[in-house]
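> I am attaching a structure below and will ask some questions about it afterwards.
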Amino acid sequence: RRQRQMCIRDRSHSMILYGEDRITPAKKVALALSHMIQNYYPKDKLDFVVFGDDAWQIELKDLPYLEVGPYHTNTVAGLNLAIEILNKRKTSNKHIMMITDGKPSCIKRGKEYYKNSFGLDRIIVSRTLALARKCRKQNIDVTTFMVTTDPYLVEFVEQFSKEANGKALYT
């Protein structure tokens, strides 16, 4: 059965905060996923989306060269773009593989950005969880690869996975 795979990756500033390199493991996970899909599921299509303040699509060849930017984490933008790309395809099997440290800190409201780097902001979290529910309703599987062990971020990713009826894996 052919599947449409979507790999979305966080490249926000929190991926290198406090001297912890989260960007290198994120790249390794994304490259390993692409290698596995190309070699074991050659009929599947894999797209890549990265997100910071906004989200944009990239090619596989650009993945190793991605760097952390001076961005916040707009998980909502990343998920929205992934859902949009998946819904354009005529396959019933859709999967998002999100690689992140799990801390959404930005959303766009109209033309303005709403940002909060301190803790988990309830407005940002509620929008993110709403997209998890949207994925579940649209039968889009979501697997989150978590690249940190901060307890409050792990708790959020667990909640996100529950809302999406997805899985969380910790790297």
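The values are calculated or read from the model by the stated rules, or taken from the named source; none is laboratory data. These figures come from a predicted structure and were not determined experimentally. Here Cβ is always computed from backbone atoms with ideal geometry, including for glycine, and neighbour counts include all displayed protein chains. Accessible surface areas use protein heavy atoms only, side chains included; no ligands, DNA or RNA. Shrake-Rupley method; radii C 1.70, N 1.55, O 1.52, S 1.80 Å.
> Accessible area of the chain with a 1.4 Å probe: how many percent of it is carbon plus sulfur?
51
> Taking the 0 to 90 degree range and rounding to the nearest ten, how far is the long axis of helix 23-40 tilted relative to the main principal axis of the chain, both from C-alpha atoms?
Relative to the chain, helix 23-40 is tipped by roughly 10 degrees.
> Just the accessible area per residue of region 103-171, please: how many Å² with a 1.4 Å probe?
Value for region 103-171: 58 Å² per residue.
> If you don't mind, there's one more thing I want to ask. Quick one: which of Lys43/Lys167; Lys88/Lys162; Lys61/Lys162; Lys61/Lys115 span more than 29 angstrom between C-alpha atoms?
Lys61/Lys162; Lys61/Lys115
> Oh, and also: With an 8 Å Cα cut-off and a minimum separation of 6 or more residues, compute the relative contact order for the chain in percent.
24
> A further question on this structure: Helix 122-137 against the longest principal axis of the chain: what's the angle in degrees, Cα atoms only, rounded to the nearest 10?
Its long axis makes an angle of about 20 degrees.
> Then there's this: For the chain, what number results from the quotient of the Cα radius of gyration and 2.2 N^0.38 Å?
Output field value: 0.95.
> So if I take the centroid of the Cα atoms in region 68-90 and the same for region 24-59, what is the distance between those two points in Å?
13
> Then there is this: Report, in degrees rounded to the nearest 10, the 0 to 90 angle that the Cα long axis of helix 151-164 makes with the longest principal axis of the chain.
40
> Please compute the alpha carbon radius of gyration of region 79-142, then divide it by the globular-protein estimate 2.2 N^0.38 Å. Two decimals is fine.
1.23
> Which value, in Å² and to the nearest 10, is the accessible area of His72 when all protein chains are kept and the probe is 1.4 Å?
40
> About its Cα centre, what dipole magnitude does region 15-110 give when the only charges are +1 on Lys and Arg Cβ and -1 on Asp and Glu Cβ, stated in debye to the nearest 20?
460
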